[in-house]
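All of the numbers you see were taken from the coordinates with simple rules; none came from a lab. All of these numbers come straight from a predicted model, not from anything done at the bench. When we count neighbours, we look across all protein chains shown, and the Cβ atoms used for this are built from the backbone with ideal geometry, even at glycine.
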Amino acid sequence: MNIYVLLKRTFDTEEKITLANGKINEEGAEFIINPYDEYAVEEAIVVRDAHGGEVTVVSVGNEEAEKQLRTALAMGADKAVLINVEDDVEDGDQFTTATILSTYLKDKEVDLIIAGNVAIDSGSGQVGPRVAESLNIPYVTTITKLDINGTNVSVVRDVEGDSEVIETSLPLLVTAQQGLNEPRYPSLPGIMKAKKKPLEELELDDLDLEEDDVEAKTKTIEIFLPAAKEGGKVLEGELNAQVSELVSLLHNEAKVI
Ligand SMILES: Cc1cc2nc3c(=O)[nH]c(=O)nc-3n(C[C@H](O)[C@H](O)[C@H](O)COP(=O)(O)OP(=O)(O)OC[C@H]3O[C@@H](n4cnc5c(N)ncnc54)[C@H](O)[C@@H]3O)c2cc1C
């Protein structure tokens, strides 16, 4: 089975976001595999081990993403592909990323593609479904269970706390939700082996894509941080008076009642 994982390099969840010149400041920040993509890598390895085949991890980004791809290889993926767009794309969006990924995948014999449900930074949840649409294959998002029997697939998806069971078939794209599995940590032998596993680097040219073909469809007008939180208010005095004051504040100041 040919399994592909779409992997994004994202800010570490512990990082404090700051802005510089209207952009998110990446200076000195730690980067990780997008956490939902870790579930995707783990599931791909489990499916491969059960059904045979190969896991290829693909990322669109710059050469820095090599580190996260090597981590996925150390977890147990077989091959990695970095589509390095540093010199060709300045302002990309979800269309850009999905077009590049689907162009790479369109002439591959794909059985299963696993993406993350959402990237924890830009967080649009668009890339997976866009790739599936371009490849004209079915997709199921936010999955918490995946069972494959021949080409039949049974998927459980999370619908805001409830579960939905969907029967579909390969080739298929799914996006991984928390709860799908417990991603493994790379072992020491895994890390050693990963150094020798193939990591192919491609550019737009190699995919016969021009900069115009992937030009962003959206424009980010402004990026800003949420307003700083004001200090809390402690009400004092008689309980009845506190309740009256609270109601008045909720009505007149917070305007929520
Ligand atoms: C060269 C470049 C320039 C960019 N410039 C800008 C900019 O100027 N302004 C701006 O706001 N954003 C920019 N971006 C970010 C970009 O708009 C989005 O982050 C990206 O398209 C993915 O959307 P998302 O983060 O909402 O992912 P989601 O759709 O939320 O991600 C869901 C899943 O899709 C897959 N996925 C997402 N991104 C990638 C990837 N890069 N490689 C492989 N798999 C992926 C992963 O499986 C992920 O879990 C740029 C991106 C690139 C590559």
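Tell me what the chain gives for mean residue ellipticity at 222 nm when only DSSP H runs of n ≥ 4 count, each as -39,500 (n - 2.57), the sum divided by the residue total, rounded to 500 deg cm²/dmol. All intermediate terms of the calculation are to be shown ahead of the outcome.
Values: 6 runs with 69 residues, N = 257.
When only DSSP H runs of four or more count, the value is -8000 deg cm²/dmol.
Give me 207, 73, 249 sorted ascending by neighbouring Cβ count inside 10 Å, so fewest comes first. Please report the intermediate quantities before stating the final value.
Numbers: 207 19, 73 25, 249 15.
Placing the least packed residue first, the sequence is 249, 207, 73.
Find the percent of Cα-Cα distances in the chain that exceed 29 Å, and round it to a whole number. All intermediate terms of the calculation are to be shown ahead of the outcome.
Working: 12903 of 32896 pairs.
Of all Cα-Cα pairs in the chain, 39 percent lie more than 29 Å apart.
Counting only aspartates and glutamates at least 8 places from residue 196 when in the same chain, those with an alpha carbon closer than 13 Å to its own are 78. Listed by chain and number, the lysines whose alpha-carbon sits under 20 Å from that of residue 106, ignoring those within fewer than 8 places in the same chain, are 8, 79. As a proxy for reagent exposure, ranking 6, 19 by other Cβ atoms within 10 Å from fewest up yields 19, 6.
Give the separation of the Cα centroids, segment 190-216 to segment 34-48, in Å. Answer, in whole Å: 19. Under 16 Å of direct C-alpha separation, and excluding same-chain neighbours fewer than eight residues apart, residue 233 reaches these lysines: 255. At q = 0.17 Å⁻¹ the log10 of I(q)/I(0) for segment 136-237 amounts to -1.07, computed by Debye summation with a single uniform scatterer per C-alpha, solvent ignored.
Please order 1, 192 by the number of other Cβ within 10 Å, starting at the fewest.
So the ranking, lowest neighbour count to highest, is 192, 1.
Express in nm, to one decimal, how much length is gained between residue 182 and residue 145 on full extension, taking 0.36 nm for each residue of separation and deducting their alpha carbon distance. Don't jump to the answer; show the numbers that get you there.
On the way: separation 37, 0.36 × 37 = 13.32 nm, distance 1.20 nm.
12.1 nm is the gain from fully extending residue 182 to residue 145.
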